[in-house]
Amino acid sequence: MTPERMLIVGGGIAGLSLAAALRRHGHAPELVERAPAFGAVGAGIALSPNALAMLRRLELEEPVRELGIELADAAVTDSSGSILMRTDLGPVTARFGPTLAIHRADLHETLLGACRGLSLRAGTTLTALRQRDDVVQVAFSDGQEREFDLVIGADGIHSQVRGLLFGVRPATYAGYTCWRLVTRMPIELSGLREMWGHGLRFGLVPLTRNRVYCFAVANAPANVPDPESGRLERFRARFAEFGGAVPAVLAGLRDPGELIHNDLADLVEPAWHRGRVVLVGDAAHAVTPNMGQGAAMALESSVLLAEALSASGRLAERLAGWHARRRGRVRFVRNQSRRIGRVGHWENRAACALRNLSLRLTPDRLVAPALERLASSPV
């Protein structure tokens, strides 16, 4: 039978898209979010054609496209800005739809609007859960205790639900840390530009209203704090080797709060559900952002989970089928993202020179199939 009382823990992309999808299937899940208010933490985000396909199922593609900007191409350059490899996204767009760049807050607000009428509570998370018979007993941080037919953990890579369900299983640190920001666009951009240096990368993605989303990634030990005192000076010094538009971006920084800093990691979680508790999005299958597929994987898994929960048959079989349908696709993205990250973060100058030469000699037609595989494969 279809669970009636469903709780979603986490109000990010996975949690909100799942709530919106379940609402479209006639359900009324409850959703709790740990943060004191609903809002996106982050800067920009790229939505590939397969991500937009999921938003189309939610009837949200058009509102999102109105808030974003279509990317014409994607290029990797060296640290000076000289193009090593450029991919024209036109053929992929013609067949499968555009790749869109949007501010994460705009995407979040659109998804939040699609959950109108549902019970959404901020400043609340769960502190304990226990499965008994056909219910899950939940204790909340505000002291409430409730019972649900199903609990879904959509609470990110450091998921509280995952820890309560399977025990603490730390994510795998990628070996590099990242700063994100949105600022005024210093040059005209037609698409994504990712600059590769020596153990460093700097990316620029155009947004609407003459803004640019930037991400800067550096090899570093895990869990190194970046206090506000001296943050801008350290950031400028770390990425001083980059040319092109980067010096203008660095010079334009005024407030250390403009930089959002996070270590990058992924997660190999062998099981995504047990009994009447399920994990979705980064809580189940976090990937590094090197393929720009994190949001797409969360959207796909959430939309398909809503379909599985609304189908007929035994719940355990539907959840097992959903997991089997998703795990190979997520594994492909995780492994490809890892490979890109490893090569992009080489430090040895001779190895980097060889890498750059190899990229220059790679025909564009050999790059597009990787994009088309995700856009064309059935989800």
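Each value in this text was obtained by applying a stated rule to the coordinates, not by laboratory testing. Keep in mind that this is a model prediction, so the values were computed, not measured. We place every Cβ from the backbone using ideal geometry, glycine too, and count neighbours over all the protein chains shown.
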Practice task
Take each of the peptides 95-107, 12-24, average the number of other beta-carbon atoms within 10 Å over its residues, and list them starting from the highest.
Solution key: 12-24, 95-107
Practice task
Quick one: dipole size for the chain, taken about the Cα centre, charges +1 on Lys/Arg Cβ and -1 on Asp/Glu Cβ, in debye to the nearest 20.
Solution key: 820 debye
Completion exercise
Full extension between residue 316 and residue 263 adds, at 0.36 nm per residue less the Cα distance, a length in nm of 15.6 nm
Practice task
With label points built 7 Å along Cα→Cβ from the Cα atoms of residue 241 and residue 372, find their separation and express it in nm.
Solution key: 3.5 nm
Practice task
Please sort 225-232, 45-52, 272-279 by packing, taking for each peptide the average over its residues of neighbouring beta carbons within 10 angstrom, highest first.
Solution key: 45-52, 272-279, 225-232
Exercise for the section: Run through the DSSP bridge list for the chain and note the antiparallel percent, rounded to the nearest 5. Expected result: 70 percent
Completion exercise
Placing each pseudo-label 7 Å from Cα in the direction of the beta carbon, residue 119 and residue 248 end up separated by a distance in nanometres of 5.2 nm
Exercise for the section: Take every Cα-Cα pair in region 55-202 and report what % of them are more than 19 Å apart. Expected result: 72 percent
Handout entry: Selected from 111, 81, 92, residue furthest toward positive end of dipole (region 46-146; charges at beta carbon)
Key = 111
Practice task
Calculate the dipole size of region 287-379 relative to its Cα centre from +1 charges on Lys and Arg beta carbons and -1 charges on Asp and Glu beta carbons; express the result in debye to the nearest 20.
Solution key: 340 debye
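Suppose only helical runs count, i.e. DSSP H with n ≥ 4. What mean residue ellipticity at 222 nm does that imply for the chain under -39500 (n - 2.57) per run, divided by all residues and rounded to the nearest 500 deg cm²/dmol?
Numbers: 13 runs with 139 residues, N = 379.
So the helix-based figure for the chain works out to -11000 deg cm²/dmol.
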Handout entry: Interatomic Cα distance distribution for region 1-105, bins of 5 angstrom, percent
Key = 2, 10, 16, 18, 16, 14, 9, 7, 4, 2, 1, 0
Fill in the blank from the handout: Taking Cα atoms only, helix 349-360 is inclined relative to the longest principal axis of the chain by an angle, in degrees rounded to 10, of 80 degrees
Problem - Rounded tilt (10° steps) of 104-113 against the dominant C-alpha axis of the chain - result: 20 degrees
Problem - Relative contact order of the chain, defined on C-alpha pairs under 8 angstrom at six or more residues apart (%) - result: 24 percent
Problem - Alpha-carbon centroid distance for the pair region 146-225 / region 244-268, whole angstrom - result: 11 Å
Handout entry: Global form of region 316-367, assessed from the alpha-carbon gyration tensor, a/c cut-off 1.5
Key = oblate
Practice task
Compare the Cα positions of 245, 348, 171 along the charge dipole of the chain (+1 at Cβ of Lys, Arg; -1 at Cβ of Asp, Glu; about the Cα centre) and return the one farthest towards the positive end.
Solution key: 348
Completion exercise
Which of (1) 20.9, 62; (2) 21.5, 78; (3) 24.7, 78 is the computed Rg and Dmax of the Cα atoms in Å? It is (1)
Exercise for the section: For residue 30 paired with residue 149, estimate the spin-label separation in nm (one decimal), with each label point 7 Å from Cα along the Cα-to-Cβ line. Expected result: 1.5 nm
Problem - Degrees separating the helix 13-24 axis from the principal Cα axis of the chain, which is the longest one - result: 50 degrees
Handout entry: Given charges at beta-carbon only (K, R positive; D, E negative), |dipole| of region 239-352 in Debye
Key = 680 debye
Completion exercise
Rounded to the nearest Å, the spacing of the alpha-carbon centers of region 111-127 and region 322-366 is 37 Å
